[in-house]
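Just so it is clear, none of the values below were taken in a lab; they were calculated from the coordinates. Because the structure is a prediction, the values reported are computed rather than measured. Reconstructed Cβ throughout: ideal geometry from the backbone, glycine too, with neighbour counts over all protein chains shown.
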Amino acid sequence: MPDLPGKIMTELLQLSFFRNAFFISLMLAVLFGILSFFVVLRRMSFLGAGIAHTAFGGVALGLFLGIHPFFTAVVFCLVAAIVIARLTGTGTISADTGIGIFFSFSMALGALFIALKKSYSFDLTGYLFGNILGVEKLDFFLVLGVMAIFIPFILFFFHRLLFLSFDRETAGISGIRRDALETSLLAFLALIIVISIKIVGIILISALIVLPASFGNLFFSHFRGVIVFSVLFTLFIMTGGLFLSYHLDTPAGATMVILGTILYFTALAIRPRRR
Amino acid sequence: MTTSLTLDIRDLWVFFNGQPALESISLEANRSELISVVGPNGGGKTTLLKAILGLIPFNRGEVRVLGKPAGSTALHGRIGYLPQGGEYDRYLPLRARDVVAMTRYARMGWREKLVAVDRERIDSALISVDMKDFGHSPFGTLSGGQRQRVLIARALAMDPPMMILDEPSTGLDTVAQDSFYELLHRLKVEKGLTILLVSHDIGGVSSYADRIACLNRKIHFHGRPQDCRDRDMLAQVFGRDIHFLLHDEKCLTCREKS
């Protein structure tokens, strides 16, 4: 007979890498739950996926130069987010084109750096698909740090971000500082993506910025309900996915995303009809 | 007497790529006046609105709104704006009240919190547009006309002396259009608002506007709608669009009235 789930959990949490991954997942769930609301509302999911893929070039550059990949990836993602926003904001090119070009360029740079390094000792799939074994204490503090600035940002500016997302032009005329708020939101999108790479993986992150609020939207017609459900959904799939991945000996990020997708489509099928 | 004017445009020129989009526009508006700028698409209506809102630089001339130069930060929150009717997601997670509240939040400091006075303004704005009973309805499920009213309430919630509306009748059927223009007329009288709207449709608005300006790069006619009877002038401004513009022959009715 298998061990009791509670006993397994207690045992797992005694493993330091698992404990770190668990607490990071809890914090990331809150971050993604909230971020996802704005990403879905503003229809930025492709931008999110693009920024996540851009991180690959940054990670590879860090490994190539022997710098902690977090820092190079953050720079890559921030620059990509801001350049794409500027180019599309001025109407130079469409968002779709900008993102499409940028992320493949950055992934190409990544492939180049890896080839130049001529060493395959690092864990490439770990970055692409996540690997909780690679989680360090530093990651925990990075996530904590991002959370410590993101939560106050949302508390201070939530309704203005809502106005801006709903009707950008009128928001500006009404006195909202559009550029500052939009750049900040993009910067948080980039930061949150980078700090979750080790748990979820570059390729799988886009699921976590789209699924949570989409799930909340299935049940609620008001943003409070959507956000609360979005956070609860992410907490469930991230922690559930983590334990399940250990139990089934599967990769954590992939397990989370598959669990979330199954949950989303199940909810879509059985939810009560909304007005 | 520039100070009594809510809008004062003098000899405004805007060029795009060396081509004039607006030529020597002069237009004034006072309190309690509803002015409609009509003209064909591409005739510079939106450019004019953008210049008034300070969203684009202009090459020559002067634009003063409420006594301040266009684009001045002192005008933030002083001009109610209704954007061109967009498509809204049916499942937008916002109630009508949340939309109206937006302009109240716009000018808050660090702490975003509605206090009693904010809630009063939101309620009275919803009452002004006859949408009191729809405050808790999801915005996305409202009809086109109801959404326009909620967006007007959002502008009213900040108590602006002036409102600017970009093609407000787009997407509304004739009945909804008439009741919408009636609402604007009432707000103008009750609140002493200056209302400037642009439209490609001269018919619907002419019974309600105090003055009409026909714009196609230049202002070709500016005066009372009932004086707007010169078909040759209209044909010159609107070209082939003239039949479309006069489609419901509202202008004929207003001629008979005069």
*Output the relative contact order of the stretch B:118-233, whole-number percent, from Cα pairs under 8 angstrom with separation of 6+ residues.*
20
*Whole Å is fine, so just give me how far the alpha carbon centre of the stretch A:1-46 lies from that of the stretch A:83-160.*
19
*asked:* From the alpha carbon gyration tensor of the stretch A:1-122, can you work out the equivalent ellipsoid semi-axes (sqrt of 5 times each eigenvalue) and give them in Å, largest to smallest?
replied: 33, 23, 11
*Mind checking which lysines have their Cα closer than 26 Å to the Cα of B:Lys45? Skip sequence neighbours fewer than 8 apart in that chain.*
B:Lys68, B:Lys188, B:Lys191, B:Lys218, B:Lys250
*What share of Cα pairs, in percent, lie more than 20 angstrom apart in the stretch A:51-160?*
51
*Folded to 0 to 90 degrees: helix B:144-156 orientation relative to chain B principal axis, Cα*: 80
*asked:* Using a 10 Å cut-off around each Cβ of peptide A:218-225, what is the average number of partner chain Cβ atoms that fall inside?
replied: 4
*Counting only pairs 8 or more places apart or on different chains, how many lysine pairs in chain A have C-alpha atoms closer than 25 Å?*
4
*asked:* Quick one: the Cα spread of the protein assembly as shown along its three principal axes, in angstroms, biggest first?
replied: 93, 51, 40
*Work out the mean other chain Cβ neighbour count within 10 Å for the residues of B:89-102 and drop it here as an integer.*
5
*Within 10 Å of each Cβ in peptide B:79-87, how many partner chain Cβ atoms are there on average? Round it to a whole number, please.*
3
*For B:Lys113, which lysines qualify as cross-link partners when the Cα separation must be under 24 Å and same-chain residues fewer than eight apart are set aside?*
B:Lys132
*Mean Kyte-Doolittle of at least 0.5 plus a Cα span of 18 Å or more along the axis: flag which DSSP H helices in chain A meet both, please.*
A:16-41, A:45-65, A:69-89, A:95-117, A:137-166, A:178-195, A:205-219, A:223-248, A:252-270
*Is it possible to state the helix-based mean residue ellipticity at 222 nm for chain A, with each DSSP H run of 4+ residues giving -39500 (n - 2.57), the sum divided by total residues, to the nearest 500 deg cm²/dmol? What is it?*
-27500 deg cm²/dmol
*asked:* Taking 8 Å as the Cα distance limit and 6 or more residues as the minimum spacing, I'd like the relative contact order of chain A as a percentage.
replied: 29
*Out of the stretch A:50-134, which trypsin sites (Lys or Arg not before Pro) are coil in DSSP terms and have no more than 12 other C-beta atoms within 10 Å?*
A:Lys118
*Quick one: compute the contact order of the stretch B:1-42, relative version, from alpha carbon pairs under 8 angstrom and 6+ residues apart, as a percent.*
37
_Residue order, fewest to most surrounding Cβ atoms within 10 angstrom, among B:Leu12, A:Leu116_ = A:Leu116, B:Leu12
*Just need log10 I(q)/I(0) for the stretch B:143-206 at q = 0.17, 0.18, 0.29 Å⁻¹, Debye formula, equal scatterers on the alpha-carbon atoms, no solvent, rounded to two decimals.*
-0.55, -0.62, -1.54
*What's log10 of I(q)/I(0) for chain A at q = 0.11, 0.12, 0.16 Å⁻¹, Debye sum over Cα points only, no solvent?*
-0.63, -0.75, -1.28
*Rounded to 10°, Cα long-axis angle of helix B:174-191 versus longest principal axis of chain B*: 80
*Label A:Val228 and A:Thr10 with points 7 Å out from Cα along Cα→Cβ: what is the distance between them in nm?*
3.3
*Could you give the semi-axes, largest first, of the ellipsoid that matches the stretch A:140-269, computed as the square roots of 5 times the alpha carbon gyration tensor eigenvalues and rounded to whole Å?*
29, 19, 11
*Taking a label point 7 Å from the Cα of B:Ile127 along the Cα→Cβ vector, which residues of the stretch B:147-164 have an amide N closer than 19 Å to it?*
B:149-160
_At 0.36 nm per residue, and after removing the present C-alpha to C-alpha distance, how many nm does the segment from B:Phe15 to B:Arg60 gain when stretched out fully?_
15.3 nm
*asked:* Principal axis extents for the stretch B:64-223, Cα atoms only, whole Å, descending order, please.
replied: 49, 37, 28
